[in-house]
1. Just to be sure I follow the definition: excluding the sites themselves, where is the longest run in the chain that has none of the GluC sites (Glu not before Pro) in a DSSP loop with at most 16 other Cβ atoms within 10 Å?
2. P(r) tail for the stretch 4-177, what percent of Cα pairs lie past 21 Å?
3. Setting aside same-chain residues fewer than 8 positions from Lys18, which lysines have a Cα under 25 Å from its Cα?
4. Can you compute the FRET efficiency between His57 and Lys114 using 1/(1 + (r/R0)^6), with r the Cβ-Cβ distance and R0 = 35 Å? Round to the nearest 0.05.
5. For the chain, which longest stretch is free of loop sites, where a loop site is one of the chymotrypsin sites (Phe, Trp or Tyr not before Pro) that DSSP puts outside H, G, I, E and B and that has at most 12 other Cβ atoms within 10 Å?
6. What nm distance separates the two modelled labels at Glu11 and Ile140, each placed 7 Å from Cα along Cα→Cβ?
7. With a cut-off of 8 Å between alpha carbons and a minimum separation of six or more residues, what is the relative contact order of the chain in percent?
8. At q = 0.10, 0.12, 0.15, 0.19 Å⁻¹, what log₁₀ I(q)/I(0) does a Debye calculation on the Cα points of the stretch 90-179 give, no solvent, two decimals?
Amino acid sequence: MSTERNRLSSEAYADAPKLGVRFVLENIRSGQNVGAFFRTGDAFRIEGIDLCGYTAHPPHRDILKSALGASEHVAWRGHESAAEAIAVLRSEGFHIAVIEQTDSSIMLQDWSPKAGEKWALVFGNEVRGVELNTTEAADISIEIPQFGVKQSLNVSVCGGMVLWEAARKMGLPQVNSVG
């Protein structure tokens with residue numbers, strides 16, 4: 001473990017306990033947004049990221065620019081579609097949550113993930129959002145309350161907000177649990 005602010009080294013990251021969360025990115029157009037998800041995933045030590053459809057994969061230049069090296073140690077895998085990713089994640093014991101405004105969505109603060117659970121958090125295209133068939137395949141839709149005119153947030157900002165809520169409720173990773 002690095003002594004600098006109790007940060008993990010890249011080598012220790014692989015063996016460190018992970019928060020039971022995976023990001024699922026469906027047709028994200030911006031490599032910089034994808035890189036931001038890698039960086040946020042690193043900060044909370046998530047299990048990994050599933051890149052679906054035409055979402056860029058490392059070592060894409062824009063991912064590398066915003067990930068600042070996180071794409072080198074945060075686990076990721078590519079899928080032809082979010083449906084394929086969801087099938088794999090369900091077989092691995094994940095609950096599936098889409099982050100989308102729907103008629104049946106619950107507000108983020110009302111979502112109650114528990115310690116020991118595994119959650120796949122699905123984020124969609126910056127303009128169109130999560131595809132309807134993906135939303136229908138999920139266990140739950142989660143909405144971030146918004147009070148402005150646009151009723152819209154940058155997708156990677158949403159990722160950080162939802163991941164903070166998950167970590168807060170599921171239990172924050174312990175830095176000194178590795179050594």
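Values in this text are rule-based calculations from the coordinates and carry no lab data. Treat the numbers as computed from the prediction; the structure is a model and nothing was measured. When we count neighbours, we look across all protein chains shown, and the Cβ atoms used for this are built from the backbone with ideal geometry, even at glycine.
1. Details: sites that count: Glu80, Glu92, Glu117, Glu126.
That gives 1-79 as the longest site-free run.
2. Numbers: 6627 of 15051 pairs.
The answer is 44 percent, as a whole percent.
3. Lys65, Lys114, Lys118, Lys169
4. On the way: r = 32 Å, r/R0 = 0.91.
The value I calculate is 0.65.
5. Numbers: sites that count: Tyr54, Phe147.
The longest such stretch corresponds to 55-146.
6. 4.0
7. Values: 334 pairs, mean separation 48.6, N = 179.
In percent, rounded to a whole number, it is 27.
8. For the stretch 90-179 at q = 0.10, 0.12, 0.15, 0.19 Å⁻¹, log10 I(q)/I(0) is -0.28, -0.39, -0.60, -0.91.
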